[in-house]
Every structure is written in structure tokens, then in C-alpha cells.
Amino acid sequence: MSIDIYGLNNCDTCRKARKWLDRHAIEHRFIDYRDEPATPAMLKAWAEAVGGFDALINRSSTTWRKLAPTRKSPGSAAEWNLLIREYPALVKRPVLVFADGRVQLGFNDKVYVGLFSPTS
């Protein structure tokens, strides 16, 4: 199973997710999207997989709360892409991307158990 995990090196939730994957011997590749920003096509695919850009954005983050109100309602995918490229911390973290295109946002032990449990 090929898994890419996108996030930020200094994000506690990303560290927890990576440790969980390591502890369960699940092979993965971590990409810090400040160092290797997600392309517009990737962001669009992630947004489509999770139900839109609104679902992709962490609205409880400090970064979101500090944005000017006029920046909080982009009208197109292109505007969302520009906003996320300027503020990568807006994306919910971590973003797991599976080889089959599935996308999972955030980290929760129970959710990860469900994602990675062998099916009968």
C-alpha cells in the first residue's frame, strides 16, 4: 500500500499520525508542504475527494482566524489555490493520499485503525 502523508514538520497532529503509522509498520512517505507545496491540481483533487475546499480548510486554526474577512470566501478553485499557497497551514492536517486516490484529512486513532485494518 502506497501512502503519502502531507503536512507540516512542526505540526503536533502530523507527528502523532506519523508515529502511529511507524508503530503499526505502515510504509509511508512524509511531505512537508511548506518545502514541497501541493500543486493546484493536487489541491483540487484533495478538495474533490473530501467534499470541496470548505472541507479541506481548517477553520479553527489561528491562521484562518487571523485572515481578513475578505480573504475568507474565495470564489473559485484558482482563488482557493492562491490562498492555500500563501497560507499552507490552512489545510487540515495531515492529508493522507492513498495510491488509489482516496484522501483522508486529520488524525484520529480510531479512524486510522479503520483505514488500516485488514479486511476479512
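Since every read-out is calculated from the coordinates, none of them should be taken as a lab result. Just so we're clear, the structure is a prediction, and the values are computed from it rather than from any experiment. Don't worry about glycine lacking a Cβ; one is built from the backbone with ideal geometry, like all the others, and counts go over all protein chains shown.
Return a yes/no flag: does region 32-53 have any residue that is surrounded by 15 or more Cβ atoms within 10 Å (Cβ to Cβ), part of a strand (DSSP E or B) and not basic (Lys, Arg). Yes - at least one qualifying residue is present in region 32-53. Report yes if residue 90 is over 30 Å from residue 118 (Cβ atoms), within 10 Å of the chain's Cα centre (by Cα), surrounded by 17 or more Cβ atoms within 10 Å (Cβ to Cβ) and of a type in the set (A, V, I, L, M), otherwise no. Against the criterion (over 30 Å from residue 118 (Cβ atoms), within 10 Å of the chain's Cα centre (by Cα), surrounded by 17 or more Cβ atoms within 10 Å (Cβ to Cβ) and of a type in the set (A, V, I, L, M)), residue 90 qualifies. The residues of region 1-22 that are surrounded by 15 or more Cβ atoms within 10 Å (Cβ to Cβ), more than 13 Å from the chain's Cα centre (by Cα) and either among the aliphatic types (A, V, I, L, M) or assigned to a strand (DSSP E or B) (or both) amount to a single one, 21. Does residue 25 fit the bill of being crowded, with 17+ Cβ neighbours inside 10 Å and either over 25 Å from residue 113 (Cβ atoms) or free of Cβ contacts under 8 Å to residues at least 12 places away in the same chain (or both)? Criteria not met by residue 25. Across region 61-100, the number of residues qualifying as over 17 Å from residue 4 (Cα atoms), without any contact (Cβ under 8 Å) to a residue 12 or more places away in the chain and among the charged types (D, E, K, R) comes to 5.
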